[in-house]
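Worksheet for the structure shown next.
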Amino acid sequence: MPTPLSALDLVIAERGRTAAESLAATSRTVMRLDDLGYRRIWFAEHHGTDLSASVVPAVLIAHFAARTSRIRLGSGGVLAPNHAPLALAEQFATLATLHPDRIDMGIGRGPGTFDQSIVRALRRGGEPSTDREYDEDVAAVLRHLSGEGGVRLISGWQPDQGGTRPWLLASSPASAELAARLG
């Protein structure tokens with residue numbers, strides 16, 4: 001059995017290349033990976049940098065899922081502190097409804113930028129999240145995706161029928177412990 005391969009695309013914005021040109025290059029890459037039988041492609045969330053045009057993973061996932069047929073598409077990652085848990089669950093439930101069994105939601109903790117003015121703008125003036133707030137947000141996203149959040153995501157959404165697969169992206173012992181605790 002061949003080893004399943006995945007890729008991460010940051011939509012690198014090379015010097016002298018426009019964002020549209022970077023996205024077109026990523027489109028060619030994604031199509032080729034789909035043709036080659038790669039299992040998954042991940043898109044990261046980055047803000048306020050000239051180095052990457054990968055700002056909104058859900059938009060990239062929607063765009064490329066509509067242009068491919070087999071490859072799974074995921075956020076590597078969508079950054080929980082920058083979004084309301086329900087909004088994340090709704091975005092990924094919608095993607096999974098449109099593209100059953102092809103959507104992965106990798107949740108990360110970082111802000112996706114080192115620019116504190118962007119962090120404040122993303123969080124509507126709020127301070128960076130605490131460990132406890134992050135843990136609660138991740139748990140809330142998972143509750144919404146599982147149907148236990150008390151909110152109906154979209155008509156016809158069934159978490160056990162082609163729903164998005166959640167992943168917790170961990171780079172610290174605390175995140176690994178959270179992943180283990182949440183299953």
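Brief remarks follow.
- Helical content alone sets the calculated 222 nm signal of the chain at -12500 deg cm²/dmol, taking -39,500 (n - 2.57) per DSSP H segment of four or more residues and averaging over every residue.
- Relative contact order computed over the range 47-183 (Cα-Cα under 8 Å; 6+ residues apart), in percent: 29
- Recomputing Cα extents along the principal axes in Å from the coordinates shown identifies the correct label among (1) 40, 40, 33; (2) 60, 37, 34; (3) 50, 38, 27 as (1).
- The range 1-98, Cα convex hull volume normalised per residue, Å³: 107
- The chain, accessible surface, carbon-and-sulfur percent (1.4 angstrom probe): 54
- Think of a 1.4 Å ball rolled over the protein heavy atoms: the chain then has 55 Å² of accessible area per residue.
- Summing +1 for each Lys or Arg and -1 for each Asp or Glu among the other residues whose beta-carbon sits under 13 angstrom from that of residue 50 gives 0.
The values are calculated or read from the model by the stated rules, or taken from the named source; none is laboratory data. Just so it is clear, the model here is predicted, and its values are computed rather than measured. Ideal geometry is used to build each Cβ from the backbone, glycine not excepted, and the neighbour counts take in all protein chains shown. We work out accessible area using only protein heavy atoms, side chains counted, and drop any ligands, DNA or RNA first. Shrake-Rupley method; radii C 1.70, N 1.55, O 1.52, S 1.80 Å.
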